Structures are given as C-alpha cells and as structure tokens.
1. Quick check for me: using +1 on Lys/Arg Cβ and -1 on Asp/Glu Cβ, what's the dipole size of the range 3-125 about its Cα centre, in debye to the nearest 20?
2. Taking Cα atoms, how many degrees apart are the long axis of helix 82-97 and the longest axis of the chain, rounded to 10 and kept between 0 and 90?
3. Counting Lys +1, Arg +1, Asp -1, Glu -1, what net charge surrounds GLU119 among other residues with beta carbon under 10 Å of its beta carbon?
4. HN-Hα J couplings of the range 8-15 from phi, Karplus 6.51/-1.76/1.60, θ = phi - 60°, integer Hz, Gly and Pro as x?
5. Which one of THR51, ASN27, SER74 is farthest out on the positive end of the charge dipole of the chain, using unit charges on Cβ (Lys, Arg +1; Asp, Glu -1) and the Cα centre as origin?
6. Cα-Cα pairs above 22 Å in the chain: how many percent?
Amino acid sequence: MQYGEKEIRKFDIDKDLEIWPNKHKKNYIIKITLPEFCCLCPRSGYPDFATIYLQYTPDELVVELKALKLYINSFMYRGISHEDSANEIYDSLVAKLKPKWIKVVADFNPRGNVHTVIELDSQVINKD
C-alpha cells in the first residue's frame, strides 16, 4: 500500500480533521471545490464520482485544506449513497466548524442516464 492510500484509509474525522482559529471577525465566504470525490454504490459496489462544492462563512474556526482533502478522499472505499455522503459531509462540517453559514453541493456524474445533485444550505435547513 502506498503512503497516500494508508493515510486516506486510516483517516478518522474525529482525530484527523485539523481545525484552525479564524483570525478574521468580518463576514467572508470560503469557497472550495473538490472535483475528484468518489464513493462506492452501496448496492452494486460500482464507483460513483462527483464534484463537491463547499462554501461557508466561518465563525471561530476554519478547516485545514489537506485534512479536508483526506476526509473527502476517505469516502472512496465506502459503500454509501449520494444522499448519505452529501449529508454526512454537511453534518460533519457543521459539527466541527460551527460556521455562520454553510452550503454543500454534491454534483454526481451521470450514471445509467441519471444525474444527481444533492444540495444542503444552512439558511434553508435552519428555517425548517
């Protein structure tokens, strides 16, 4: 096993997602695109590919980008649905960062003539 594969396979969000203090008190938006998301279909085991778009307005904390990359890459060995993966990413980042606002979009590549986009926005979700 290569060193990168070992690092991805052993990634534990509770121990390894590095969080830094936000030094800036003004409102600003951090936009991150993760174009190589991959997970396994829980039914067939076939890979599903997506681009994850993450935007958030930090409060006290920001996420370190290498740790975020490792977290996103840790899905590639997991059997998990489109909906579950997008919701897990959203829930994990909300719990860890406690941002003022966050939006996660998982834009899955078409497979079998089906294109799926899962969108979670704290402004919409918190209104419910």
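Nothing in this text is a laboratory measurement; each read-out follows from the coordinates by a stated rule. Everything quoted here is computed from the prediction, not taken from an experiment. Note that each Cβ is placed from the backbone with ideal geometry, even for glycine, and that neighbours are counted across all protein chains shown.
1. That gives a dipole near 320 debye.
2. 30
3. On the way: positive: LYS103; negative: ASP107, ASP121.
With Lys, Arg at +1 and Asp, Glu at -1, the neighbours total -1.
4. 5, 5, 8, 4, 10, 4, 6, 9
5. Going by the Cα projections, it comes out as ASN27.
6. Percent of Cα pairs beyond 22 Å in the chain: 37.
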